[in-house]
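The values are calculated or read from the model by the stated rules, or taken from the named source; none is laboratory data. The shown structure was predicted, so the numbers you read here are calculated from the model rather than taken from an experiment. FYI the Cβ positions are ideal-geometry reconstructions off the backbone, even for glycines, and counts take in every protein chain you see.
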Amino acid sequence: MPGASFGGAASGSSSPRVGLPWTNATQPDISGISGSADDSGAEQEGERGRRGKRGRGQRESGPAKAVDPREAAREICLRQLAVRPRTRAELGAAMRKRGVEEEIAAEILDRYDEVGIIDDAAFARAWVNSRHHGRGLSRRALAGELRRKGVSSDEMGEALEELTPDMEEQTAKALVVRRLRTETRGTPEAIFRRLVGMLGRKGYPPGLAIRLVKEALAERDDAAEFADSIDADALADAAHDPDVQ
């Protein structure tokens, strides 16, 4: 192992060797212990013989058997699916990356569709439910993720229909309340900017984000005055207009 030294310095080093538990003058007599130099030599000879037999056996076995391309393609898909559910497009991309022929890939994917191993509609519904409730992502953010995973517009639309505007607003409000509990430093304006930015990164529109953060700050004694001074409509219009600074 490079850089490792066990029981002493590396070869060629001028560093002193680590001493044994005895000195040269008091080295113990090992002549009566089994495993003497003769025994060690015999063991080494036997090991060389075993290695030689293994080498001959490997040479006699001949070249490795060719891998069935369909079996290799299925193995690629199953490894991907072992990590998490995948869309048809994701599995297709994984097989292309490994050089699987398009015809074979299509055959495998069609078969997986038939038996229900891949189901983009079910994937989209599960993804929306998990990412919205687990990460608080908005419809817009979820649509972007599903689009990148190759989910069709129809299947994506059906999955997002389950996420109503009221549900989306309640999730965003809960995010603000939870985050506000940990915001103990900074001016009310700084806290306002951080919370609005947090909702924006999760895909919520500026108007909704500004309104929810303003309402949450209005309930705090140390930020109520600042919240009252916020013109939510004007800020939302400015966020949509890049010419407004």
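Here are a few things to note about the model shown:
- Any chance E145 is surrounded by 12 or more Cβ atoms within 10 Å (Cβ to Cβ), of a type outside the set (S, T, Y) and free of Cβ contacts under 8 Å to residues at least 24 places away in the same chain: yes
- For G150, the conditions (1) touching a residue at least 60 places away in the same chain (Cβ under 8 Å); (2) part of a helix (DSSP H, G or I); (3) within 18 Å of P85 (Cα to Cα) are fulfilled apart from (2).
Residue-by-condition table, conditions (1) at pLDDT 95 or above; (2) under 18 Å from D120 (Cα atoms); (3) under 19 Å from the mean Cα position of the chain (by Cα):
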{"site": "H133", "(1), (2), (3)": "no, no, yes"}
{"site": "S138", "(1), (2), (3)": "yes, no, no"}
{"site": "E145", "(1), (2), (3)": "yes, yes, yes"}
{"site": "V151", "(1), (2), (3)": "yes, yes, no"}
{"site": "M156", "(1), (2), (3)": "yes, yes, no"}
{"site": "L160", "(1), (2), (3)": "yes, yes, no"}
{"site": "L163", "(1), (2), (3)": "no, yes, no"}
{"site": "K173", "(1), (2), (3)": "yes, no, no"}
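- Check on L91, out of contact with any helix residue (DSSP H, G or I) (no Cβ under 9 Å at 6 or more places or on another chain) and assigned to a helix (DSSP H, G or I): no
Yes/no matrix, rows are residues, columns are (1) within 30 Å of T87 (Cβ to Cβ); (2) of a type in the set (D, E); (3) surrounded by 11 or more Cβ atoms within 10 Å (Cβ to Cβ):
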{"position": "P165", "(1), (2), (3)": "yes, no, no"}
{"position": "P205", "(1), (2), (3)": "yes, no, yes"}
{"position": "A218", "(1), (2), (3)": "no, no, yes"}
{"position": "D233", "(1), (2), (3)": "no, yes, yes"}
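- Scanning the stretch 168-203 for residues that are within 23 Å of L146 (Cα to Cα), in contact (Cβ under 8 Å) with a residue 24 or more places away in the chain and surrounded by fewer than 18 Cβ atoms within 10 Å (Cβ to Cβ) yields a single hit, E169.
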